[in-house]
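Reading through the structure tokens given below for one structure.
The values are calculated or read from the model by the stated rules, or taken from the named source; none is laboratory data. Please read all numbers here as calculations on a predicted model, not as lab measurements. Every residue, glycine among them, receives a Cβ derived from its backbone with ideal geometry; neighbour counts consider all protein chains shown. The protein model used for the area step is the full one, side chains on, heavy atoms only, and it has no ligands, DNA or RNA in it. Shrake-Rupley method; radii C 1.70, N 1.55, O 1.52, S 1.80 Å.
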Amino acid sequence: MKESIFVKIFEDTAKQVLPNLVVEKGANLYYQLRIDNSLNLNVSDLSNPKRGNSAFQTDICIFEESGDIKLPRIVIEFKTDISTHDVLTYSAKAGKHKSVYPFLRYGLISSEKDSIPSRFFIHNEHLDFYIASKNYRSDEGLKKLIMDLIKKELEISKTLERIHFENQKFDFYSTDIKFENFSE
């Protein structure tokens, strides 16, 4: 399936399943915020990042709205296949975005891969998830995959937000590495 077709299917499904979240195709997110030599933030509009002005474009970004603020929670980049260059590039983009949005979850979905290639494990540093989705073709299977993924990543994003901004304390931390084969 072509990348653009798969992005559209994902976007439409996510909007149906998640009416309380804002799903945007082609959203721009800051990868850096600079303070000038007068200690002023060197950005004209924090709520409207522009590609080329310290912002990268994403394939899909899922935002949570709070009043006038759209808080980016989950970014998903789409590829048909995946190369070493893709893993390095998207991992670097994820790291840059997370330096500005420390609660952001970032992942990659390949529409024509039926398993995760070893190059992903070798070269990934900042991506939080990867889905080889070739075998998810039915509407119900795709909806379940999208819903499960977004719910899980949204929960993690909110926990990270509490840690960074509400000073929530914990006495246990573990990275949960999960490998699965989803079935429809």
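Please enumerate the residues belonging to the range 120-175 that are in contact with a helix residue (DSSP H, G or I) (Cβ under 6 Å, 6 or more places away or on another chain) and under 13 Å from Gly107 (Cβ atoms).
Phe120, Asn124, His126, Leu127, Tyr130, Ile146, listed by residue number.
Condition (residue is touching a strand residue (DSSP E or B) at 6+ places or on another chain (Cβ under 9 Å) and open to solvent by 60 Å² or more (accessible area, probe 1.4 Å)) applied to the range 76-85: is it met by at least one residue?
Checked the range 76-85: at least one residue is touching a strand residue (DSSP E or B) at 6+ places or on another chain (Cβ under 9 Å) and open to solvent by 60 Å² or more (accessible area, probe 1.4 Å).
Among the candidates Ser138, Ser157, Ser174, single out the residue that is more than 23 Å from Pro102 (Cβ to Cβ) and of a type in the set (Gly, Ala, Ser).
Just one listed residue meets the conditions, Ser138.
What about Leu71, is it open to solvent by 20 Å² or more (accessible area, probe 1.4 Å), farther than 23 Å from Glu112 by Cα and at pLDDT below 90?
no
Take the residues in the range 38-68 that are more than 20 Å from Lys158 (Cβ to Cβ) and acidic (Asp, Glu); name whichever of them is least open to solvent (accessible area, probe 1.4 Å).
The extreme case among them is Asp59.
Name the residues in the range 106-142 that are part of a loop (DSSP other than H, G, I, E, B) and of a type in the set (Lys, Arg), would you?
Residues satisfying the conditions are Lys113, Lys134, Arg137.
Determine which member of the set Phe182, Phe170, Phe121 is out of contact with any strand residue (DSSP E or B) (no Cβ under 8 Å at 6 or more places or on another chain), at pLDDT 90 or above and either more than 30 Å from Asn42 (Cα to Cα) or of a type in the set (Lys, Arg) (or both).
When all the criteria are applied, what remains is Phe121.
Residue-by-condition table, conditions (1) surrounded by 12 or more Cβ atoms within 10 Å (Cβ to Cβ); (2) under 19 Å from Glu77 (Cα atoms); (3) of a type in the set (A, V, I, L, M):
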position	(1), (2), (3)
Leu108	yes, yes, yes
Glu112	yes, yes, no
Arg119	yes, yes, no
Lys143	yes, yes, no
Ser157	yes, yes, no
Glu161	yes, no, no
Asn167	no, no, no
Asp171	no, no, no
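If I filter the range 25-37 down to residues being open to solvent by 80 Å² or more (accessible area, probe 1.4 Å) and either touching a helix residue (DSSP H, G or I) at 6+ places or on another chain (Cβ under 6 Å) or of a type in the set (S, T, N, Q) (or both), which single residue comes out as modelled with the lowest pLDDT?
Asn37
How about the range 1-105: which strands (runs of 3 or more DSSP E) wholly inside it have at least 2 residues that are over 22 Å from Leu160 (Cβ atoms) and touching a residue at least 60 places away in the same chain (Cβ under 8 Å)?
Once the strands (runs of 3 or more DSSP E) in the range 1-105 are filtered for at least 2 residues that are over 22 Å from Leu160 (Cβ atoms) and touching a residue at least 60 places away in the same chain (Cβ under 8 Å), what remains is 69-79.
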